[in-house]
Amino acid sequence: MKPTITEHEAKDKVERYIEGALSALPGSAKRKPFTQHRSECTDPTDDGPQGRFEISATYEVTGLEPARFAEYFDAIVQWWSAHDFAVLTDSRPKDQYVFVRNKADAFDMSVQANDLGKFYVGATSPCVWPNGTPEPQAVEATEPEQPVAAPPEPEPVRKPRRAPVDDEDFAQTNWTDGGASF
């Protein structure tokens, strides 16, 4: 039930991280909005309460030479390394995909390209409260109950609402159609 940055701050940081990563590319690179999402954290990794959201954006990067994609990947990975990101998945050379997480604030980023000459850079925030503080209903749900004469029954083990994301499956996502798996 800890405070977080606000959704607005998360959106701003997503955009700043994307701008920073794109600064590693040649001046000919132009970004074109591809997706922007506000997704409820239904299965947060910290097993936290509902009512928080992840903010994400992905941009298609135009004006790049497909023959130099490997060079562009290296430049972005180098920028990430200089800005406290750790590489979690690097599928090169088999697939043109790298996924990283910032060590200080847990923002995720990725770069992906395909054989059609498409190049994408994206960022996702960790789970945040819309206004930066827990919503009243979430606080009420976590307040301890009054003592009772008999000890309460143990709560059943909560199952995740969705299966964990498999990096291999994620890397196989076709980003040219908005994320449908192929």
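Data overview
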{"item": "Long-range amide H partners of T133 with built H, under 5 Å", "result": "T4"}
{"item": "Largest to smallest accessible area among D74, D105 [probe 1.4 Å]", "result": "D74, D105"}
{"item": "³J(HN,Hα) computed for each position of segment 119-132 - Karplus, 6.51 cos²θ - 1.76 cosθ + 1.60, integer Hz, glycine/proline x", "result": "9, 10, 10, x, 8, 9, 7, x, 5, 10, 7, x, 10, x"}
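The values are calculated or read from the model by the stated rules, or taken from the named source; none is laboratory data. Please read these numbers as outputs of a predicted model, since none were measured by experiment. Side chains included, ligands, DNA and RNA excluded: accessible areas come from the protein's heavy atoms. Shrake-Rupley method; radii C 1.70, N 1.55, O 1.52, S 1.80 Å.
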